[in-house]
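The values are calculated or read from the model by the stated rules, or taken from the named source; none is laboratory data. The structure presented is a predicted model; accordingly, all values stated were derived computationally and were not measured. We place every Cβ from the backbone using ideal geometry, glycine too, and count neighbours over all the protein chains shown. Note: areas computed on protein heavy atoms with side chains; ligands, DNA, RNA excluded. Shrake-Rupley method; radii C 1.70, N 1.55, O 1.52, S 1.80 Å.
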Amino acid sequence: MAHEEVHYFDGLDIGKALLADNLNLNLRKIEEKLSVKLVSRDNWVKVISDQPENHKKFADFFKELIKIRKTSFGGKIEQQEFEQILFAFEESKVNELQKFFSRKIKVSPRKKNIVARTKAQFGYIEMMSQKDIAFGIGPAGTGKTYLAMAMAVSELLAGRHSRIILTRPAIEAGENLGFLPGSLEDKVMPYLRPLYDALYDMLDFDEANALIEKNIIEVAPLAFMRGRTLNNAFVILDEAQNTTVPQMMMFLTRLGFDSHCVITGDPSQSDLPKNQKSGLVHAPKALAGIEEIGFTRFTSKDVVRHPLVEKIINAYQEYDKTNKD
(Lines give C-alpha, C1' and ligand atoms only; values in the text may rest on other atoms or scores of the structure.)
Protein backbone atom coordinates (compact mmCIF):
# COMPACT_ATOMS: atom_id res chain seq x y z
CA MET A 1 0.00 0.00 0.00
CA ALA A 2 1.30 3.43 -0.95
CA HIS A 3 2.38 5.68 1.90
CA GLU A 4 2.15 9.48 1.84
CA GLU A 5 4.31 12.06 3.57
CA VAL A 6 4.02 15.85 3.38
CA HIS A 7 7.12 18.03 3.85
CA TYR A 8 6.71 21.74 4.64
CA PHE A 9 9.36 24.40 4.05
CA ASP A 10 8.28 27.58 5.82
CA GLY A 11 9.09 30.76 3.91
CA LEU A 12 10.75 28.83 1.10
CA ASP A 13 9.56 28.78 -2.50
CA ILE A 14 10.44 25.22 -3.55
CA GLY A 15 10.42 25.97 -7.26
CA LYS A 16 12.68 29.03 -7.11
CA ALA A 17 14.94 28.18 -4.19
CA LEU A 18 15.38 24.42 -4.47
CA LEU A 19 14.33 23.31 -7.94
CA ALA A 20 16.21 25.88 -10.01
CA ASP A 21 13.09 27.68 -11.28
CA ASN A 22 12.06 24.47 -13.11
CA LEU A 23 9.48 23.15 -10.65
CA ASN A 24 7.44 20.80 -12.83
CA LEU A 25 10.36 19.52 -14.91
CA ASN A 26 12.53 18.84 -11.88
CA LEU A 27 9.72 17.22 -9.90
CA ARG A 28 9.34 14.76 -12.79
CA LYS A 29 13.08 14.10 -12.73
CA ILE A 30 12.96 13.39 -8.99
CA GLU A 31 10.05 11.01 -9.50
CA GLU A 32 11.96 9.10 -12.16
CA LYS A 33 15.30 8.92 -10.36
CA LEU A 34 14.09 8.33 -6.77
CA SER A 35 11.01 6.18 -7.61
CA VAL A 36 8.41 8.37 -5.89
CA LYS A 37 5.27 10.27 -6.85
CA LEU A 38 5.25 13.99 -5.97
CA VAL A 39 2.65 16.72 -5.60
CA SER A 40 3.88 20.24 -4.77
CA ARG A 41 2.46 23.67 -4.03
CA ASP A 42 4.48 26.73 -3.04
CA ASN A 43 6.28 25.68 0.17
CA TRP A 44 5.18 22.03 0.56
CA VAL A 45 5.60 18.79 -1.27
CA LYS A 46 3.71 15.51 -0.83
CA VAL A 47 5.65 12.28 -1.39
CA ILE A 48 3.89 9.05 -2.32
CA SER A 49 5.67 5.70 -2.47
CA ASP A 50 5.11 2.10 -1.39
CA GLN A 51 8.79 1.76 -0.44
CA PRO A 52 9.76 3.34 2.93
CA GLU A 53 13.41 3.66 1.85
CA ASN A 54 12.32 5.91 -1.04
CA HIS A 55 10.69 8.33 1.40
CA LYS A 56 13.93 8.52 3.36
CA LYS A 57 16.00 9.01 0.20
CA PHE A 58 13.72 11.86 -0.89
CA ALA A 59 13.89 13.52 2.56
CA ASP A 60 17.69 13.24 2.59
CA PHE A 61 17.81 14.61 -0.96
CA PHE A 62 15.84 17.73 -0.02
CA LYS A 63 17.94 18.22 3.12
CA GLU A 64 21.03 18.21 0.92
CA LEU A 65 19.44 20.75 -1.45
CA ILE A 66 18.69 23.05 1.49
CA LYS A 67 22.21 22.68 2.92
CA ILE A 68 23.89 23.48 -0.39
CA ARG A 69 21.45 26.34 -1.07
CA LYS A 70 22.63 28.05 2.14
CA THR A 71 26.20 28.19 0.84
CA SER A 72 25.30 28.96 -2.79
CA PHE A 73 25.86 32.34 -4.41
CA GLY A 74 22.60 34.31 -4.07
CA GLY A 75 21.03 31.59 -1.91
CA LYS A 76 19.71 29.69 -4.90
CA ILE A 77 20.25 26.26 -6.44
CA GLU A 78 21.29 26.36 -10.10
CA GLN A 79 20.04 23.73 -12.55
CA GLN A 80 23.48 22.11 -12.87
CA GLU A 81 23.73 21.83 -9.09
CA PHE A 82 20.27 20.28 -8.92
CA GLU A 83 21.21 17.71 -11.59
CA GLN A 84 24.46 16.89 -9.81
CA ILE A 85 22.82 16.39 -6.41
CA LEU A 86 20.03 14.25 -7.88
CA PHE A 87 22.54 12.08 -9.75
CA ALA A 88 24.52 11.56 -6.53
CA PHE A 89 21.43 10.31 -4.71
CA GLU A 90 20.38 8.11 -7.62
CA GLU A 91 23.85 6.50 -7.74
CA SER A 92 24.35 6.47 -3.94
CA LYS A 93 27.35 8.79 -4.19
CA VAL A 94 26.32 11.37 -1.59
CA ASN A 95 29.62 11.23 0.28
CA GLU A 96 31.43 11.94 -2.99
CA LEU A 97 29.08 14.87 -3.65
CA GLN A 98 29.79 16.41 -0.25
CA LYS A 99 33.52 16.15 -0.92
CA PHE A 100 33.05 18.01 -4.22
CA PHE A 101 31.14 20.87 -2.61
CA SER A 102 33.70 21.16 0.17
CA ARG A 103 36.40 22.09 -2.39
CA LYS A 104 35.29 25.38 -3.91
CA ILE A 105 37.27 27.60 -6.24
CA LYS A 106 36.62 31.19 -5.19
CA VAL A 107 36.49 33.64 -8.08
CA SER A 108 35.07 37.19 -8.13
CA PRO A 109 32.93 37.99 -5.05
CA ARG A 110 30.10 38.79 -7.46
CA LYS A 111 30.33 35.42 -9.22
CA LYS A 112 29.37 31.95 -8.09
CA ASN A 113 32.10 29.76 -6.62
CA ILE A 114 33.16 26.89 -8.87
CA VAL A 115 32.97 23.25 -7.72
CA ALA A 116 33.83 19.91 -9.32
CA ARG A 117 30.98 17.97 -10.89
CA THR A 118 32.74 14.65 -11.43
CA LYS A 119 35.44 12.63 -9.69
CA ALA A 120 37.91 13.42 -12.49
CA GLN A 121 37.18 17.15 -12.15
CA PHE A 122 37.81 16.97 -8.42
CA GLY A 123 41.14 15.24 -9.03
CA TYR A 124 41.99 17.84 -11.68
CA ILE A 125 41.36 20.71 -9.24
CA GLU A 126 43.50 19.03 -6.60
CA MET A 127 46.28 18.40 -9.12
CA MET A 128 46.27 22.02 -10.35
CA SER A 129 46.74 23.18 -6.76
CA GLN A 130 49.62 20.78 -6.11
CA LYS A 131 51.64 20.52 -9.33
CA ASP A 132 53.69 23.22 -11.07
CA ILE A 133 52.51 21.96 -14.47
CA ALA A 134 49.13 20.23 -14.89
CA PHE A 135 47.70 18.58 -17.99
CA GLY A 136 43.94 18.13 -18.53
CA ILE A 137 43.38 15.73 -21.42
CA GLY A 138 40.04 14.52 -22.76
CA PRO A 139 36.91 15.26 -24.78
CA ALA A 140 35.04 18.54 -25.13
CA GLY A 141 32.62 19.52 -22.41
CA THR A 142 34.53 18.02 -19.49
CA GLY A 143 35.46 21.37 -17.93
CA LYS A 144 39.20 21.27 -18.65
CA THR A 145 39.57 24.90 -19.74
CA TYR A 146 36.78 26.23 -17.53
CA LEU A 147 38.28 24.84 -14.32
CA ALA A 148 41.77 25.95 -15.32
CA MET A 149 40.42 29.47 -15.85
CA ALA A 150 38.66 29.38 -12.49
CA MET A 151 41.86 28.33 -10.76
CA ALA A 152 43.83 31.07 -12.54
CA VAL A 153 41.36 33.79 -11.51
CA SER A 154 41.27 32.48 -7.94
CA GLU A 155 45.07 32.52 -7.69
CA LEU A 156 45.24 36.04 -9.14
CA LEU A 157 42.60 37.48 -6.80
CA ALA A 158 44.25 35.78 -3.81
CA GLY A 159 47.55 37.47 -4.71
CA ARG A 160 49.45 34.23 -5.31
CA HIS A 161 50.23 35.22 -8.91
CA SER A 162 50.56 38.71 -10.38
CA ARG A 163 49.13 37.95 -13.85
CA ILE A 164 47.29 35.44 -16.01
CA ILE A 165 48.47 34.47 -19.48
CA LEU A 166 46.02 32.63 -21.74
CA THR A 167 47.21 31.19 -25.02
CA ARG A 168 46.27 28.72 -27.71
CA PRO A 169 47.66 27.79 -31.12
CA ALA A 170 46.05 29.59 -34.06
CA ILE A 171 45.78 26.53 -36.29
CA GLU A 172 43.58 26.90 -39.36
CA ALA A 173 40.64 24.49 -39.43
CA GLY A 174 39.46 24.84 -43.02
CA GLU A 175 40.42 28.50 -43.47
CA ASN A 176 43.75 30.24 -43.88
CA LEU A 177 44.42 33.21 -41.62
CA GLY A 178 45.94 35.10 -44.50
CA PHE A 179 42.60 35.22 -46.31
CA LEU A 180 40.61 36.47 -43.33
CA PRO A 181 39.87 40.23 -43.28
CA GLY A 182 41.24 42.70 -40.75
CA SER A 183 44.36 43.14 -38.65
CA LEU A 184 46.35 40.32 -37.06
CA GLU A 185 44.39 40.87 -33.84
CA ASP A 186 41.12 40.56 -35.79
CA LYS A 187 42.34 37.37 -37.45
CA VAL A 188 43.35 35.56 -34.28
CA MET A 189 40.38 36.71 -32.16
CA PRO A 190 38.10 33.80 -33.25
CA TYR A 191 40.70 31.37 -31.90
CA LEU A 192 40.88 33.17 -28.55
CA ARG A 193 37.15 33.83 -28.09
CA PRO A 194 36.49 30.71 -25.95
CA LEU A 195 39.09 31.88 -23.46
CA TYR A 196 37.37 35.26 -23.14
CA ASP A 197 33.99 33.54 -22.71
CA ALA A 198 35.30 31.49 -19.78
CA LEU A 199 37.00 34.56 -18.28
CA TYR A 200 33.77 36.57 -18.27
CA ASP A 201 32.11 33.75 -16.33
CA MET A 202 34.63 34.26 -13.51
CA LEU A 203 34.83 38.07 -13.48
CA ASP A 204 32.46 40.94 -14.19
CA PHE A 205 32.80 42.25 -17.73
CA ASP A 206 34.24 45.62 -16.67
CA GLU A 207 36.53 43.97 -14.10
CA ALA A 208 37.92 41.55 -16.69
CA ASN A 209 38.40 44.27 -19.32
CA ALA A 210 40.22 46.50 -16.83
CA LEU A 211 42.66 43.67 -16.04
CA ILE A 212 43.15 42.99 -19.76
CA GLU A 213 43.83 46.68 -20.47
CA LYS A 214 46.46 46.72 -17.70
CA ASN A 215 47.99 43.55 -19.18
CA ILE A 216 47.41 41.73 -15.88
CA ILE A 217 45.41 39.27 -17.97
CA GLU A 218 46.97 38.62 -21.36
CA VAL A 219 45.34 36.60 -24.13
CA ALA A 220 47.60 35.81 -27.08
CA PRO A 221 48.32 33.20 -29.75
CA LEU A 222 50.94 30.59 -28.87
CA ALA A 223 53.39 31.97 -31.45
CA PHE A 224 53.66 35.14 -29.34
CA MET A 225 55.15 33.12 -26.44
CA ARG A 226 58.43 32.38 -28.22
CA GLY A 227 61.47 33.99 -26.58
CA ARG A 228 59.64 35.01 -23.40
CA THR A 229 60.17 33.99 -19.77
CA LEU A 230 56.93 33.98 -17.81
CA ASN A 231 57.57 34.80 -14.13
CA ASN A 232 54.97 34.93 -11.34
CA ALA A 233 52.20 34.02 -13.77
CA PHE A 234 49.39 31.50 -14.05
CA VAL A 235 49.64 30.31 -17.66
CA ILE A 236 47.01 28.30 -19.55
CA LEU A 237 47.65 26.66 -22.91
CA ASP A 238 44.29 25.67 -24.42
CA GLU A 239 43.62 23.44 -27.46
CA ALA A 240 47.07 21.94 -26.98
CA GLN A 241 46.29 19.05 -29.35
CA ASN A 242 47.10 21.56 -32.11
CA THR A 243 50.66 22.10 -30.93
CA THR A 244 53.55 20.28 -32.56
CA VAL A 245 56.16 18.58 -30.37
CA PRO A 246 58.65 21.50 -30.80
CA GLN A 247 55.88 24.03 -30.00
CA MET A 248 54.96 22.17 -26.82
CA MET A 249 58.59 22.10 -25.71
CA MET A 250 58.92 25.79 -26.54
CA PHE A 251 55.87 26.60 -24.44
CA LEU A 252 56.83 24.49 -21.43
CA THR A 253 60.29 26.03 -21.31
CA ARG A 254 58.78 29.54 -21.04
CA LEU A 255 57.89 28.79 -17.41
CA GLY A 256 59.66 31.18 -15.05
CA PHE A 257 60.00 31.53 -11.28
CA ASP A 258 56.84 31.38 -9.13
CA SER A 259 54.75 30.43 -12.14
CA HIS A 260 52.12 27.77 -12.66
CA CYS A 261 51.03 26.19 -15.92
CA VAL A 262 47.96 24.24 -17.09
CA ILE A 263 47.74 22.59 -20.52
CA THR A 264 44.38 21.40 -21.86
CA GLY A 265 43.29 19.64 -25.01
CA ASP A 266 41.48 16.80 -26.76
CA PRO A 267 43.76 14.53 -28.83
CA SER A 268 40.80 13.38 -30.94
CA GLN A 269 40.25 16.91 -32.31
CA SER A 270 43.66 17.74 -33.71
CA ASP A 271 43.79 20.00 -36.77
CA LEU A 272 47.47 19.26 -37.42
CA PRO A 273 48.51 17.70 -40.75
CA LYS A 274 48.40 13.90 -40.68
CA ASN A 275 52.20 13.62 -40.77
CA GLN A 276 52.73 15.83 -37.67
CA LYS A 277 52.66 14.40 -34.14
CA SER A 278 50.67 16.34 -31.58
CA GLY A 279 52.64 17.82 -28.70
CA LEU A 280 49.76 16.92 -26.39
CA VAL A 281 50.01 13.24 -27.32
CA HIS A 282 53.80 13.23 -27.03
CA ALA A 283 54.12 15.14 -23.73
CA PRO A 284 52.67 12.54 -21.30
CA LYS A 285 55.12 9.94 -22.63
CA ALA A 286 58.13 12.25 -22.49
CA LEU A 287 57.35 13.89 -19.13
CA ALA A 288 55.81 11.01 -17.17
CA GLY A 289 58.75 10.70 -14.77
CA ILE A 290 58.78 14.33 -13.56
CA GLU A 291 57.19 14.63 -10.12
CA GLU A 292 56.19 18.29 -10.48
CA ILE A 293 54.08 17.53 -13.57
CA GLY A 294 50.65 15.89 -13.30
CA PHE A 295 48.15 14.47 -15.77
CA THR A 296 44.35 14.16 -15.51
CA ARG A 297 42.52 12.17 -18.19
CA PHE A 298 38.84 12.80 -18.75
CA THR A 299 36.32 10.54 -20.50
CA SER A 300 32.83 11.04 -21.91
CA LYS A 301 31.50 10.23 -18.40
CA ASP A 302 32.91 13.58 -17.26
CA VAL A 303 30.99 15.65 -19.82
CA VAL A 304 29.00 18.34 -18.00
CA ARG A 305 27.18 19.83 -20.97
CA HIS A 306 23.84 18.64 -22.36
CA PRO A 307 23.45 14.85 -21.76
CA LEU A 308 23.30 14.40 -25.52
CA VAL A 309 26.96 15.49 -25.78
CA GLU A 310 28.13 12.36 -23.94
CA LYS A 311 26.10 10.18 -26.33
CA ILE A 312 27.59 11.95 -29.36
CA ILE A 313 31.15 11.46 -28.06
CA ASN A 314 30.50 7.79 -27.36
CA ALA A 315 28.96 7.29 -30.81
CA TYR A 316 31.98 8.80 -32.57
CA GLN A 317 34.40 6.76 -30.46
CA GLU A 318 32.52 3.54 -31.19
CA TYR A 319 32.38 4.34 -34.91
CA ASP A 320 36.13 5.02 -35.01
CA LYS A 321 36.81 1.63 -33.42
CA THR A 322 34.98 -0.24 -36.16
CA ASN A 323 35.57 1.96 -39.21
CA LYS A 324 38.83 3.09 -40.75
CA ASP A 325 37.46 5.40 -43.45
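A few remarks follow.
- Inter-residue pairs, beta-carbon under 6 Å, first part of a loop (DSSP other than H, G, I, E, B) and in the range 99-111, second among the acidic types (Asp, Glu), 6+ apart: Arg110/Asp204
- Candidate set: the range 122-142, residues that are in a helix (DSSP H, G or I) and touching a residue at least 40 places away in the same chain (Cβ under 8 Å); chosen: the one farthest from the chain's Cα centre (by Cα): Gln130
- Residue check, Phe87 assigned to a helix (DSSP H, G or I) and under 21 Å from Ile313 (Cα atoms): yes
- Restricting Pro109, Pro169 to those that are within 25 Å of Arg69 (Cβ to Cβ) and modelled with pLDDT of 85 or more reduces the list to Pro109.
- Matching residues, the range 263-291, being assigned to a strand (DSSP E or B) and in contact with an Asp or Glu (Cβ under 9 Å, 6 or more places away or on another chain): Ile263, Thr264, Gly265
- Members of the range 261-280 that are within 19 Å of Glu292 (Cα to Cα) and open to solvent by 20 Å² or more (accessible area, probe 1.4 Å): none
- The one condition in (1) under 30 Å from Glu83 (Cα atoms); (2) surrounded by 13 or more Cβ atoms within 10 Å (Cβ to Cβ); (3) modelled with pLDDT under 95 that Ala315 fails to fulfil: (2)
- Listed by first and then second residue, the pairs linking a residue in the range 12-35 that is farther than 22 Å from Asn54 by Cβ to a residue that is among the basic types (Lys, Arg) and assigned to a helix (DSSP H, G or I), with Cβ atoms under 7 Å apart and 6 or more places separating them unless they lie on different chains, are Ala17/Arg69.
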